[in-house]
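Presented below is the structure to which this report refers.
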Amino acid sequence: MLIGLASTLFRARPVTLYTFISRFSPNSHGFLTITPTRLFTPAASLRRDENKEVDDYAELKEKVENFGICCNSVTPEEYTRLMCPKCKGGRSMEKSLSFHMSSKRNSALWRCFNIECGWAGQIPHNSAASDGVHQRGRINFPRILTEESLNLEPLNDMIIIAFTYRRNGMLIGCKYRTLEKRFWQEKGADKVLYGLDDVREADEIIIVEGEIDKLSVEEAGFPNCVSVPNGAPQGIASKELLPLEEDTRFSYLWNCNECLEKASRIVLATDGDLPGQALAEELARRLGKERCWQVCWPKKDELSSYKDANEVLVNLGREALKEAIECAVPYEMQNLN
């Protein structure tokens, strides 16, 4: 099936396809924790808190700048890439320092991901600054990845392909595939949807089961498409949804919720087999069945249908794939039984 997409592979915007040189271990799942907030706070207390936060930030900023780190562009609770004052980005001169500031702007921690540097430190709240590579084991950052750090090269005659996962243009993960459909991913990366940046402002989003299907749908004229990063489950896990912090298999949905919640219509174009149908159900339960539509793949013969977007593209062409997506039906109507 991959051969039918040869011309598409070089043109797909959300990924540059590479030949894989080094060996990597399979990825592990991660999830975000949810911290409850107080619903009501007295006004006087809010003013005291605001004043204290301003004072704490001024103190923190001074301590951070003593290490040579400029944090003026930092947004609290987000990981920001900055220039490392120790190695200056190394030979590539890239922004290799990952810097994180707490939501109250009173503590910070950082690490340089330049392999020749590794400088790390932290400033806990109401504590003295701590500096040095001995902190590395205690600081849990998502990895900062680059094409160079993954030893990737443009696609050639070799048969291992790398799909780069990006968020806001930044490389945050990488998934590898052989023609024999063996998959593995980078460790320590956030789980997100493949092609996330293509749907940031989309009112309609198409979700497929694999990266090749995402590229196939794009070939049919729909750039507003993303793929799940870890395929389909063998079945529906349970009738009750797990709490967010325990829903690790689908953490990519919660990590991308800012984009998904903007969409008024979500088209589920998962595979037509039983795992694909289970994935569609799991997605619809989490995204809201009332705004989900489902694609029914064209018939192959009297007894079977094509399995996925790439099969339709390879065997029937772009127009057939486009028509199948445009003819999606409301999910609840498709699954009345």
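The values are calculated or read from the model by the stated rules, or taken from the named source; none is laboratory data. These figures come from a predicted structure and were not determined experimentally. Every residue, glycine among them, receives a Cβ derived from its backbone with ideal geometry; neighbour counts consider all protein chains shown. All accessible areas refer to the heavy atoms of the entire protein, side chains included, with ligands and DNA or RNA removed. Shrake-Rupley method; radii C 1.70, N 1.55, O 1.52, S 1.80 Å.
Quick check on packing: order 276-287, 253-264 by the mean number of other C-beta atoms within 10 Å, highest mean leading. Present the calculation step by step, with values, prior to reporting the outcome.
Numbers: 276-287: 20.5, 253-264: 16.4.
Going from most to least packed, we get 276-287, 253-264.
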Sorted by accessible area with a 1.4 angstrom probe, largest first, how do 218, 59 fall?
-> 59, 218
The answer for residue 107, listing residues at least 5 apart or on another chain whose modeled amide H is closer than 5 Å to its amide H, is 102
Take 308, 273 and sort them by solvent-accessible surface of the protein heavy atoms, 1.4 Å probe, largest at the top.
-> 273, 308
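GluC sites (Glu not before Pro), restricted to the range 295-337: which are DSSP loop and have at most 13 other Cβ atoms within 10 Å? Present the calculation step by step, with values, prior to reporting the outcome.
On the way: sites: 302, 311, 319, 323, 326, 332; in loops: 302.
Of the GluC sites (Glu not before Pro), the ones in loops of the range 295-337 whose Cβ has at most 13 other Cβ atoms within 10 Å are 302.
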Here the averaged projected area of the range 228-337, based on the convex hull of its alpha-carbon atoms and given in nm², is 7.7 nm²
Return the lysines within reach of residue 175: Cα separation strictly under 19 angstrom, same-chain partners fewer than 8 residues apart disregarded; answer none if there are no such residues.
-> 187, 191, 214
When Lys and Arg each count +1 and Asp and Glu each count -1, what net charge do the other residues less than 12 Å away from residue 100, Cβ to Cβ, add up to?
-> +1
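Evaluate Rg over Rh across the range 169-245, taking Cα atoms for both radii and Kirkwood's formula for Rh.
0.99
Taking the Cα centre of the range 196-337 as origin, work out the dipole magnitude from +1 charges on Lys and Arg Cβ and -1 charges on Asp and Glu Cβ, in debye rounded to 20.
Numbers: 15 positive and 29 negative charges, 50 e Å.
Once rounded to the nearest 20, the dipole reads 240 debye.
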Would you tell me the accessible area of residue 306, worked out with a 1.4 angstrom probe on the heavy atoms of the protein chains, in Å² to the nearest 10?
-> 30 Å²
On the full set of protein chains, 1.4 Å probe, figure out the accessible area of residue 83 and give it in Å² to the nearest 10.
-> 80 Å²
Contour minus end-to-end for residue 315 and residue 63, with contour as 0.36 nm per residue of separation and end-to-end as the Cα-Cα distance?
-> 84.5 nm
With every protein chain in place, the accessible area of residue 86 for a 1.4 Å probe, in Å² rounded to the nearest 10, comes to 120 Å²
